[in-house]
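The values are calculated or read from the model by the stated rules, or taken from the named source; none is laboratory data. Since the structure is predicted, the reported quantities are computational estimates derived from the model, not experimental observations. Neighbour counts are summed over all protein chains in view; Cβ atoms, including those assigned to glycine, are modelled from backbone coordinates with ideal geometry. All accessible areas refer to the heavy atoms of the entire protein, side chains included, with ligands and DNA or RNA removed. Shrake-Rupley method; radii C 1.70, N 1.55, O 1.52, S 1.80 Å.
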Amino acid sequence: MKIAAAQFPSVLGDVEANIAGMAGLIREAAGQGARFVAFCELAAQGYDLAAIASDPGLWLAEDDPRLEPVREACRTTGTAALIGCAARTDGARPAISALVIGHDGGLLTRYDKTHLYGEELEVFTAGTAAGRFALDGVRFSVAICYDNRFPEVAVSAKADDCRVYVASSVLEAGNDSFEKVCPVRARDNGLYVLLANQVGTCEVGECRGGSAVWGPDGTLLADAGEGGRGLALLELPADPARRAGPPVRTW
């Protein structure tokens with residue numbers, strides 16, 4: 001099974017443009033054999049908390065018609081995708097969500113960020129449940145940005161027999177997560193860590209991309225590069241018994 005982290009410069013406040021960009025990257029990743037593609041935190045709206053707080057029209061519903069280009073890309077390619085977005089809740093505030101669209105275009109699971117950071121606490125509602133799903137017999141765990149600072153999130157994923165830990169994030173240039181968080185979560189828990197990061201300028205500063213995959217020993221196995229649109233792709237070993245063996249690389 002091939003997994004991918006995709007990055008592109010989200011257009012702040014333009015949901016339709018960002019959904020179209022993600023649909024294109026899903027098709028591109030599928031053309032290279034990917035069965036799962038992850039996008040960054042708030043990819044659908046861009047990381048602009050003031051705009052999200054002031055305009056509920058930017059918030060997505062789970063069955064939102066604006067997601068149809070992504071659903072169609074998933075259906076026609078047989079590729080699942082994690083869409084980072086501000087999503088509606090039962091309350092007055094949205095959540096920072098990861099909507100996982102399955103191979104059939106339907107909603108496979110939803111995860112709402114449980115550890116909100118800074119001004120996010122004033123705009124969003126925190127989630128309360130872990131994010132889990134399975135594809136092609138592989139179990140995945142979902143975390144969003146600041147969640148990754150809490151070691152127990154990855155520990156729980158390992159205990160729940162997950163193999164891939166998806167870190168959907170918005171990390172500015174100079175953030176130490178690339179060296180001190182993602183590879184550590186991978187190594188300490190024997191997980192493949194798939195980081196999808198933002199590219200370009202947003203509220204947190206200048207984001208360099210650097211979406212990547214680390215292997216269970218903490219080694220960097222794939223990198224989408226810095227400063228632009230790209231994909232980090234990795235072929236997982238077919239046999240789960242090989243998890244502790246040598247990493248398999250595709251570039």
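Quick notes on this one:
- Carbon and sulfur %, accessible surface of region 1-99 computed with the full protein complex present, 1.4 Å: 52
- The chain - accessible surface per residue (Å², probe 1.4 Å): 38
- Cα centre as origin, Lys/Arg/Asp/Glu Cβ charges: region 107-156 dipole, Debye: 240
- With only the Cα atoms considered, region 53-135 has a convex hull volume of 89 Å³ per residue.
- Segment Ala129-Arg187, extension gain: residue separation times 0.36 nm, minus the distance between their alpha carbons: 18.5 nm
- Here's the list of aspartates and glutamates a cross-link from Lys158 could span, going by alpha-carbon distance under 17 Å and ignoring same-chain residues fewer than 8 apart: Asp147, Asp188, Asp217.
- Sparse-neighbourhood loop sites, GluC sites (Glu not before Pro) in region 1-90 - DSSP loop, at most 10 other Cβ within 10 angstrom: none
- DSSP-defined antiparallel bridges as percent of all bridges, region 162-208, nearest 5: 50
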